[in-house]
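Here is the structure we will look at.
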Amino acid sequence: MQVAVPRPQPLFLLNSEVVIAPDGIQPAEIKKVMVYKSHNAPAQWRELVTYGIIDITPKQKIKVKSRTLAAIGKDLGVSGPVRYTINAMPVADANLRIALDAIGEINLMRTTESAVTTVAINVRPAKPGALRQDPPGTIYIRGLAAH
């Protein structure tokens, strides 16, 4: 029996400012896409580049409800030393923002020996059917054919 292990996914950003879900923006709304794989990522996101970052710039301004990691910790009643992670990757800057609809789950963990609370945030996967899962090599042709 084979057990399906989820593949790590890149982190999606909106305007280099807010972590969004993979299906957080429609393709027709996209002006530009930047893909970061390592050291070329913006400094504030570099620690989250383990599986890549896809930074999306929309054609028009898009408002998303978001919170800083620190505000999420405060909402959860966390006090004392706090450590934040997004998709198991440590985040040093608690002022980084995440879209509320991108949050799949939040786990709180506290180690007794260090008294540090970890706020572990996992970004939700794309909703079923939101992103196409076509086999490799699939080619799409768009446009009108001339008669």
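Treating each Cα of segment 6-89 as an identical point scatterer and summing with the Debye formula, the log10 of I(q)/I(0) at q = 0.14, 0.27 Å⁻¹ comes to -0.55, -1.36.
Partners of residue 31 within straight-line reach, counting lysines whose Cα lies under 27 Å from its Cα and excluding those fewer than 8 residues away in the same chain: 59, 61, 63, 65, 127.
How much length, in nm to one decimal, is gained on full extension between residue 126 and residue 70, taken as 0.36 nm per residue of separation minus their Cα-Cα distance?
Values: separation 56, 0.36 × 56 = 20.16 nm, distance 2.50 nm.
Residue separation times 0.36 nm, minus the Cα-Cα distance, leaves 17.7 nm.
Under 5 Å between amide hydrogens, built in the peptide plane, is the criterion, and for residue 110 it picks out 118 among residues at least 5 positions away or on other chains. Kirkwood radius for segment 31-129, taken over all pairs of different Cα atoms as the inverse mean of 1/r, rounds to 14.9 Å.
Where a number appears in this text, it was derived from the coordinates with a stated rule and is not lab data. Everything numeric in this text was worked out from a predicted model, so none of it was measured.
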